[in-house]
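Let me begin by presenting the structure, written as C-alpha cells, before commenting on it.
The values are calculated or read from the model by the stated rules, or taken from the named source; none is laboratory data. Note that the coordinates shown come from a computational prediction; the quantities given were computed from them, not determined experimentally. Cβ atoms come from the backbone with ideal geometry, glycine included; neighbour counts cover every protein chain shown. Accessible surface is based on the protein model in full, side chains and every heavy atom, while ligands, DNA and RNA are left aside. Shrake-Rupley method; radii C 1.70, N 1.55, O 1.52, S 1.80 Å.
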Number of protein chains: 2
Amino acid sequence: MSFPSEYTRPAVTVDCVVFGYAVGKQLKVLLIERLNEPYAGRWALPGGFVEENEPLETAALRELKEETRVQNIFVEQLYTFGSPNRDPRGRVITIAYYALVNLEEHPVHAGTDAKHARWFPVDELPLLAFDHQLILEAALNRLRAKIRYQPIGFELLPEEFTLTQLQELYEAILGVRQALNKRNFRSRILKMGVLKEVGIQEHVAHRPARLYRFDSEIYHEMQESKSKELIRRGIDFEI
Amino acid sequence: MSFPSEYTRPAVTVDCVVFGYAVGKQLKVLLIERLNEPYAGRWALPGGFVEENEPLETAALRELKEETRVQNIFVEQLYTFGSPNRDPRGRVITIAYYALVNLEEHPVHAGTDAKHARWFPVDELPLLAFDHQLILEAALNRLRAKIRYQPIGFELLPEEFTLTQLQELYEAILGVRQALNKRNFRSRILKMGVLKEVGIQEHVAHRPARLYRFDSEIYHEMQESKSKELIRRGIDFEI
DNA sequence: GCAAAAGTGTTACTTTTACACCCATGC
DNA sequence: GCATGGGTGTAAAAGTAACACTTTTGC
C-alpha cells in the first residue's frame with residue numbers, strides 16, 4: 001500500500017446533473033450531445049476532468065459555468081461512480097454533482113461552449129452515454145427524497161412566488177398531478193413559518209395571489225430549536 | 001478537455017469509518033495508528049489506495065477485511081473528499097465509506113495487519129491525521145440522520161435483541177440519555193410491524209425480555225405500500 | 001357578468017404525548 | 001422477599017385529512 005506509481009492511477013472527472021425549472025413547466029435536465037468517440041452522437045451529462053489543484057466542487061462549478069454560463073446556483077455532491085468499465089477509454093472515476101436552476105431568473109442558453117445542448121423533460125430522456133442514465137436516476141431520487149425534508153425546492157423558483165407555484169413545483173418534481181389538496185398544502189407550508197409575505201401579483205386576469213419569499217434565517221433558527229426539541233422530548237423516527 | 005495525460009492524475013484512495021457497537025456500551029470507531037510519515041504516530045481511519053480495475057466498494061471492503069477480518073457487514077458510500085491539500089504527498093482524492101459492525105457477533109480483533117489499531121468511543125477521539133476528523137464527523141452525522149428513517153440500526157445489534165437494547169442503541173448513536181419514554185418507544189417501534197418476535201431471554205436476574213429480529217422482507221413490502229400511499233393521498237414533507 | 005385562479009372554516013378522525021403502576025425472574 | 005429490568009392502559013392534546021364554498025381580479 002505504498003504511494004501508487006503514476007501509471008496505475010485512474011482518471012478523475014466530475015459530472016453534473018443540472019435540473020432546470022420554470023413556473024408551470026415540467027422539470028428538465030440539461031444534456032450535451034457528444035461529438036467525439038466514445039458514444040459520439042449520444043447525449044451525456046455535462047462534465048469533464050478535474051484539473052490539478054482544483055477542488056472537486058470548483059471543478060463542478062467550472063464545468064457548469066462553461067456549459068450554461070450560470071453562476072451562484074445550488075450545487076451539491078451526489079455520489080461517486082467508479083466501476084472499472086464505465087468508460088471504454090480506461091479507468092475513470094467520476095464524482096457526480098447535481099445543481100438546481102430557475103430557468104426564468106437564469107435563462108440558460110443551453111449550447112454555449114460550441115456544443116449541442118438541450119433541456120429534456122425528466123420523463124422524456126434520450127439514450128445516454130456511459131452510465132449517465134444511472135447517475136441521472138440517482139440524482140432524481142436524491143432530489144425527490146430531499147425536497148421532502150429540506151428547503152431546496154426554493155432554488156428552482158423565482159425569489160418571489162405564489163403558493164400555487166410552490167405546489168406545482170412539488171408536483172413537477174415528484175412526478176404527480178394534483179397530489180396534494182390545495183387547502184392542506186397551504187395550511188401546512190404556512191404553519192411552518194418559513195415563508196415571508198412580500199406583496200401581491202399584478203395584472204393577472206383573476207384574483208391576484210400573494211407573493212412569498214423563503215426566509216432562510218427563520219429556517220435556520222427553526223432547525224436549531226427543532227433539534228433541541230427532539231432531544232428534549234425524545235427521538236422521533238419513521239423507518 | 002482531452003483525456004488527461006497520466007502525470008496530471010490524482011491518486012485515489014478509499015477510507016472507512018467503521019462504527020462498532022456492543023449492547024450496553026458506547027458507540028465506537030476503529031482507528032489505526034500511523035507508523036510512517038506523513039502524520040506518523042497519529043491515529044487515522046483505515047483505508048488505502050484503490051487498485052487497478054477494482055470497484056470502489058470492493059476496495060473499501062478489502063481494506064475493511066485487511067484491518068478487521070470482518071466480512072458481510074453493512075457498508076455504504078459516504079462522501080468524496082478532494083481538497084487539493086488534504087495530503088502533503090500530493091493530490092489525493094478519497095472516497096469515504098462507513099460501515100456498521102456488531103462487536104459481539106463479529107469480535108473484531110483490532111490490530112490485525114501488523115498495525116496498532118483501537119476502538120475509540122465517538123466522544124473521546126484522539127487527534128486525527130489528514131482531514132479524517134472531518135470525514136468522521138460527516139459519517140457520524142450521516143449515521144445519526146439515517147437511523148431516524150432507515151433500519152440501519154439493526155446492523156449494530158445481534159440478530160436477536162430486546163426492545164430495551166434497541167432503545168439503548170438509539171440513545172448511544174444519538175448521544176442522548178433516556179431520550180425516549182420507554183412506553184412510547186415500544187408502541188412506536190412495534191406498531192411499525194417490522195420486528196418479529198422470536199423467543200425470550202433466559203437466565204437473567206429479572207423478568208426475561210422478549211427477543212426480536214428485524215424482518216427485512218416486511219420492511220421492503222412496507223416501503224412499497226408506503227410510497228404508493230404517499231402518492232395516493234398527497235405529499236408529506238417537513239422541511 | 002363571467003372566466004379564472006386565490007383563498008378560507010370546520011368537522012371527524014388519527015396520532016402522539018405523558019402519565020404510574022404491575023409482572024416475572026434469579027439470588 | 002427484594003432487586004432488577006420487562007411490560008402495559010389510558011386520557012388529554014395535538015395534528016391531519018377531507019370536505020365545498022366565497023373572493024377578487026381582468027376583460
Which condition breaks for B:Tyr39 when tested against (1) surrounded by 14 or more Cβ atoms within 10 Å (Cβ to Cβ); (2) on the phi < 0 side of the Ramachandran plot; (3) not hydrophobic (A, V, I, L, M, F, W, C)?
(2)
Could you say whether any residue in the stretch A:208-216 is within 12 Å of another protein chain (Cβ to nearest Cβ), in contact (Cβ under 8 Å) with a residue 24 or more places away in the chain, on the phi < 0 side of the Ramachandran plot and more than 11 Å from DNA strand C (Cβ to nearest atom)?
yes
So which residues in the stretch A:37-82 are hydroxyl-bearing (Ser, Thr, Tyr) and under 11 Å from A:Cys16 (Cβ atoms), if there are any at all?
A:Thr68
Does A:Phe154 satisfy being within 16 Å of DNA strand D (Cβ to nearest atom) and under 20 Å from A:Leu211 (Cβ atoms)?
no
Is it true that B:Leu163 is surrounded by 14 or more Cβ atoms within 10 Å (Cβ to Cβ), in contact (Cβ under 8 Å) with a residue 40 or more places away in the chain and within 16 Å of DNA strand C (Cβ to nearest atom)?
yes
Out of all the residues in the stretch B:111-127, which are open to solvent by less than 100 Å² (accessible area, probe 1.4 Å) and either out of contact with any helix residue (DSSP H, G or I) (no Cβ under 9 Å at 6 or more places or on another chain) or modelled with pLDDT under 90 (or both)?
B:Gly111, B:Thr112, B:Asp113, B:Ala114, B:Lys115, B:Ala117, B:Trp119, B:Phe120, B:Pro121, B:Pro126
The stretch B:176-195, residues that are open to solvent by 60 Å² or more (accessible area, probe 1.4 Å) and either within 16 Å of A:Asp236 (Cβ to Cβ) or within 14 Å of DNA strand D (Cβ to nearest atom) (or both):
B:Gln178, B:Asn181, B:Lys182, B:Arg183, B:Asn184, B:Arg186, B:Arg188, B:Leu190, B:Lys191
For the stretch A:61-96: of the residues being open to solvent by 60 Å² or more (accessible area, probe 1.4 Å) and either outside the structural domain of A:Thr13 (by TED's automatic domain parsing) or among the basic types (Lys, Arg) (or both), which is farthest from A:Leu140 (Cα to Cα)?
A:Arg89
Against the condition under 13 Å from the mean Cα position of the chain (by Cα) and polar (S, T, N, Q), how does B:Gln77 come out, does it pass?
yes
Report the residue count in the stretch A:175-194 for those that are more than 11 Å from DNA strand C (Cβ to nearest atom) and without any contact (Cβ under 8 Å) to a residue 12 or more places away in the chain.
6
Against the definition (polar (S, T, N, Q), assigned by TED's automatic domain parsing to the domain that holds B:Leu27 and surrounded by fewer than 19 Cβ atoms within 10 Å (Cβ to Cβ)), how does B:Asn141 come out, yes or no?
yes
Go through (1) under 25 Å from B:Ile93 (Cβ atoms); (2) more than 9 Å from every other protein chain (Cβ to nearest Cβ); (3) among the basic types (Lys, Arg) and name the single condition A:Arg89 misses.
(2)
Regarding B:Gln201, is this residue open to solvent by 30 Å² or more (accessible area, probe 1.4 Å) and within 13 Å of DNA strand C (Cβ to nearest atom)?
yes
Sort out which residues of the stretch A:44-59 are closer than 24 Å to A:Ile173 by Cα and surrounded by 21 or more Cβ atoms within 10 Å (Cβ to Cβ), and write them in order of number.
A:Leu45, A:Pro46, A:Gly47
Return yes when A:Ala172 is open to solvent by less than 60 Å² (accessible area, probe 1.4 Å), in the same structural domain as A:Pro84 (by TED's automatic domain parsing) and either within 16 Å of DNA strand C (Cβ to nearest atom) or in a helix (DSSP H, G or I) (or both) and no when it is not.
no
Could you grab me the full set of residues in the stretch A:4-29 that are under 29 Å from A:Ile147 (Cβ atoms), at pLDDT below 95 and either among the β-branched types (Val, Ile, Thr) or open to solvent by less than 10 Å² (accessible area, probe 1.4 Å) (or both)?
A:Val23
